[in-house]
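J.: Once you've had a glance at the structure underneath, I'll fire off some questions.
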Amino acid sequence: MALPQAARQGYDDVVLVAPVTIPYERHSEQTAHWWLGAALGQLLAQSGLKKADVDGVCVSSFTLGSDTAVGVMQHFQMSPRWLDHIPMGGASGVVAMRRAARAVQCGDASIVACIAGDTNHRESFKNTVSGFSRFSQDAVYPYGAGGPNASFALLTDYYMRHYGATREDFGKLCVAQRDNALRNPHALMKKPLTLEQYMDARVIADPIHLFDCVMPCAGAEGYLVMRREQAEALGLPYVRIRSTIERHNAFPEDAVQHRGGWAMDKDAFYEHAGLTPADVDFMETYDDYPVINVLQFEDLGFCAKGEGPAFIRKNTFTVDGSFPFNTSGGQLSVGQAGAAGGYLGLVQALRQLTGTAGDMQVANARIGLVSGFGMINYDRGICTAAALLERGQ
């Protein structure tokens, strides 16, 4: 017998403000704590708040060593009454927002700082992937597969064989994102990318080539969650939350991952917001590899399963073209700053919806969709999340 479920509540007057990015660096000798602290400092500077005004904190990071969010609070000399640590990789930004919004709505916190950041020492990425999970320690790394490239090569090959995608399709996304990144002062990739260059790039793990892969780096991202009246009192432009979803370990019966948890919750996602995919003005996805972008197009209702290649062929994905997508350039052209990569799309969406995206601004953007995908545990990513956001003013 199916048990009755409570109706989902709206987010009422909870809003998002103050998107910040600490400019990325290819390598850094600073600690993750420094990067997180820099994000918090920038949040305070941008909002006009004092540190004591922030009584809730969400933290995401892979390179804190033996520390967690609790230890970070002692480093920051903060005493929040609400604290969360979100270890969900590319889904962290949306998941942090969900947790923080409900905390503010229920009065468990008044203002929550959501921050994500990682350093990138010369050995950081190697050390992270070698001990990323028990699966990676026992079933992947000892056999010579270091990192997610092999896993995503499997996913990419499966998708290409079953749904007719070509390298040119994935390349079109990468070239478009690079075009968007050239408008972004924070992007580490500063040179144009042509489809010919994409096609000619060296193989990493067939069928994945160089420009299908993100570049690890150091950096941090952040935003604040508060009530609308607080944002107005501070004179801050704000963004409303229309709907969110989150799902973990979806479709474990699939032999090879070709869909994510978004597909389980898509209908409820749009129904809760009173919106459809046609209402979305731009989309920001977690893009550690191009194939994951395509899964998000399909599973979030912009095209049916298997129709991703046709969807790619009919859109430009540039800021000033059809279906503006990963308008900052995404991780594929900005860089992957560890857990901050899970915040990149959300922070960019907040800029779009507060009219502060500069040269990256999508004209007349009112509704944005942000999706996250994280934690490649063995052969697939097991965390998914998404949010529909609306310009507040």
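The values are calculated or read from the model by the stated rules, or taken from the named source; none is laboratory data. As the structure is a prediction and not an experimental result, all values here were calculated from the model. Positions of Cβ are generated from backbone atoms using ideal geometry, with glycine treated the same way; all protein chains shown enter the neighbour counts. These area figures cover heavy atoms from the full protein model, side chains too; ligands, DNA and RNA do not enter into them. Shrake-Rupley method; radii C 1.70, N 1.55, O 1.52, S 1.80 Å.
J.: Roughly what would the spin-label model give for VAL70 and MET199, points 7 Å off Cα along C-beta, in nm?
T.: 5.6 nm
J.: What is the distance, in nm, between label points placed 7 Å from the Cα along the Cα-to-Cβ direction at ASP157 and at SER79?
T.: Placing both labels 7 Å beyond Cα along the Cβ direction yields 5.8 nm.
J.: Compute the Cα gyration tensor for segment 1-108, then decide on rounded, prolate or oblate, letting a ≥ b ≥ c be the square roots of its eigenvalues: rounded whenever a/c is under 1.5, prolate when a/b is larger than b/c in the other cases, and oblate in all that remain.
T.: In terms of gyration-tensor shape, prolate.
J.: What accessible surface, in Å², does a 1.4 Å probe find on GLU253, ignoring ligands, DNA and RNA and rounding to the nearest 10?
T.: Estimated to the nearest 10 Å², GLU253 gives 130 Å².
J.: Moving on. Identify, among ILE367, ALA278, SER47, the residue whose Cα sits farthest towards the positive end of the charge dipole of the chain, taking +1 on the Cβ of Lys and Arg and -1 on the Cβ of Asp and Glu, with the dipole about the Cα centre.
T.: Positive-end residue among those listed: SER47.
J.: Restrict the search to segment 152-250; then list the trypsin sites (Lys or Arg not before Pro) that DSSP places in a loop and that have at most 16 other Cβ atoms within 10 Å of their Cβ.
T.: Of the trypsin sites (Lys or Arg not before Pro), the ones in loops of segment 152-250 whose Cβ has at most 16 other Cβ atoms within 10 Å are LYS190, ARG202.
J.: Could you compute the net charge surrounding ILE367? Neighbours are other residues with a C-beta less than 13 Å from the C-beta of ILE367; K and R count +1, D and E count -1.
T.: 0
J.: Largest first, what is the accessible-area ranking of ASP281, ASP206 with a 1.4 Å probe?
T.: The most accessible residue leads, giving ASP206, ASP281.
J.: While we're here: Can you give the accessible area of LYS50, probe radius 1.4 Å, in Å² rounded to 10?
T.: 150 Å²
J.: From the phi angles alone, apply the Karplus equation (6.51, -1.76, 1.60; θ = phi - 60°) to segment 66-75 and give each ³J(HN,Hα) in whole Hz, x where the residue is Gly or Pro.
T.: Along segment 66-75, the couplings run 7, 7, 10, 4, 5, x, 4, 5, 5, 4 Hz.
J.: Residue by residue, what Karplus-based ³J(HN,Hα) values in Hz, rounded to whole numbers, does segment 170-179 have, using 6.51, -1.76 and 1.60 with θ = phi - 60° and x for Gly and Pro?
T.: Coupling constants for segment 170-179: 5, x, 4, 5, 5, 5, 5, 5, 5, 4 Hz.
J.: Using just the C-alpha positions of the chain as equal point scatterers, what log10 of I(q)/I(0) does the Debye formula give at each q in 0.09, 0.10, 0.11 1/Å?
T.: -0.47, -0.59, -0.73
J.: Ok, one more. At 1.4 Å probe size, put SER151, SER322 in order of accessible surface, largest to smallest.
T.: Largest to smallest exposure gives the sequence SER322, SER151.
J.: Further, regarding this structure: Could you check the simple spin-label distance between THR276 and HIS121, using points 7 Å along Cα→Cβ, in nm with one decimal?
T.: 5.4 nm
J.: Let me ask something additional. Do any cysteines of the chain lack a neighbour Cys whose Cβ is under 4.7 Å away, and which are they?
T.: Singleton cysteines: CYS106, CYS174, CYS213, CYS217, CYS303, CYS383.
J.: May I pose another question? From Cα pairs below 8 angstrom and at least 6 apart in sequence, can you work out the relative contact order of segment 297-393, rounded to a whole percent?
T.: Relative contact order of segment 297-393: 17 percent.
J.: Tell me, what HN-Hα J-couplings in whole Hz come from the Karplus equation 6.51 cos²θ - 1.76 cosθ + 1.60 at θ = phi - 60° for each residue of segment 322-334, using x for Gly and Pro?
T.: With coefficients 6.51, -1.76 and 1.60, one gets 8, 6, x, 9, 6, 5, 7, x, x, 5, 4, 10, 8 Hz.
J.: Among DSSP beta bridges whose residues both lie in the chain, state the antiparallel percentage, nearest 5.
T.: Counting DSSP beta bridges with both partners in the chain, the antiparallel share is about 75 percent.
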